[in-house]
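Novice: So that we are looking at the same thing, I have put the structure below in structure tokens.
We did not get these values from a lab; they are worked out from the coordinates using the rules stated. Model, not experiment: these values are computed from the prediction. Using ideal geometry, Cβ is built from the backbone for each residue, glycine included, and neighbour counts are taken over all protein chains shown.
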Amino acid sequence: MAKWYAEQDVAALLDPAKLITRIEDGFRELAVGKLVDPQPMRIDSDEHAANYTSFPVYWPRLGLASVKVLSGVLGNPAHGRPMIDAVIVVVDATTGVIQAIMGGRHITALRTAATSALAVKYLAPGKGGTLTVIGTGAQGIAHAETLPLSRSFAEILFGSPSGDSARAADIARSIRLRTDLPVSAADAGDAVGRGDVVVLATAATTPVVALGDVKSDALLVSVGSFHPDETEIDPALAEAAGMTIADNADRLRTAWQSTDMRFAARATDLAALVTGSVSPQTSGLRVFLSDGRAFEDLAAAAVVLETAAETGFEALSLPGTLPEFDFDHSVCSRVTGG
């Protein structure tokens, strides 16, 4: 019988450190063809400023397949609704039986942050320095809490791209109390200029950071929009970077193919750094563009299932799933005339 894991269940069971390791394993397997992660299917709705996307994946070593169904509506936060909603359906690859259905908002935020933390591990190793996070939504919070697992920062600065200093201060205080991390609120422009690692987690569709705003040796992590006509970063940043990395470089090239943005053509996939086929650049301006991959979602879902099994967590059973389903052949006969 399939289990339902609500958002609060996922939050309690998903260990970020384990997730970073699992995603790193996934990039290694992806690079040698041991993981099937096709391009997602996305539909955009201009009238609703929305997108509806499905992310399928099959991970043979885990014996699991999954599909995440996600919607994103830019105007939702103004009406008190999450900008992103999602569920993840996890399937036993051998039997085809649905094992679990999980709320996907927390997984989406945390797997994105864990992948960024992996990029920090390779592109900005060491300790100290300033982590700047611009964005006061779920992604910003997840990055502020997760990236310190890859690098011990001397300070973390939290800024609001819209200038909502009160919200930035509230979030910084909350993170500091929960995690004991050295986090404080700051003016967004000042915070960007001080950052050794700068995370942009905004919903902006026009650049909020330009080339002259960041240190010449900063790592810039962009997890918001970077489509040809909608981008939170000045494309000149990626153009000027000594190394531009993406977690899905092929899709990045496809997204930018109709433009003259040459950086997309030379973008390197994060898998190449993980496997050692390309040496990471650890100084000078570097850019990591996060687009999200389906195996990152499955990595998170697998960690949730494993932790639930280890701890004896009892998720809610969903009725009517395959093992208990009593198929009524008489109904089928009446419908088909058979």
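Novice: Taking all pairs of different Cα atoms in region 114-289, averaging 1/r and flipping that mean, what Kirkwood radius in angstroms comes out?
Specialist: When all Cα pairs of region 114-289 are included, the Kirkwood radius is 15.9 Å.
Novice: List, largest first, the extents of the alpha carbons of region 174-229 along their principal axes, each in whole Å.
Specialist: 39, 24, 18
Novice: On to the next question. Among the lysines, select those whose C-alpha is under 25 Å from the C-alpha of residue 3, and discard any that sit fewer than 8 residues away in the same chain.
Specialist: The reachable lysines, counting only those whose Cα sits under 25 Å from residue 3, are 18, 68.
Novice: Same structure, new question: Suppose R0 equals 45 Å. What FRET efficiency, 1/(1 + (r/R0)^6) with r the Cβ-Cβ distance, do residue 317 and residue 253 give to the nearest 0.05?
Specialist: Taking R0 as 45 Å, the efficiency between residue 317 and residue 253 is 0.55.
Novice: Further, regarding this structure: For the chain, what is the convex hull volume of the alpha-carbon atoms per residue, in Å³?
Specialist: Given the Cα convex hull of the chain, per-residue volume reads 162 Å³.
Novice: Do the sum for the chain: with -39,500 (n - 2.57) for every DSSP H run of n ≥ 4, divided by all residues, what is the mean residue ellipticity at 222 nm, to the nearest 500 deg cm²/dmol?
Specialist: -10500 deg cm²/dmol
Novice: Taking just the alpha-carbon atoms of region 1-101, what radius of gyration and Dmax come out, in angstrom?
Specialist: Rg and Dmax of region 1-101, Cα atoms, are 15.7, 45 Å.
Novice: Each label point is 7 Å from the Cα along the Cα-to-Cβ direction; what then is the distance between the points at residue 268 and residue 21, in nm?
Specialist: 2.6 nm
Novice: List the DSSP H helices in the chain whose Cα atoms stretch 18 Å or more along the helix axis and whose mean Kyte-Doolittle hydropathy is at least 0.5.
Specialist: Passing helices, by number: 294-311.
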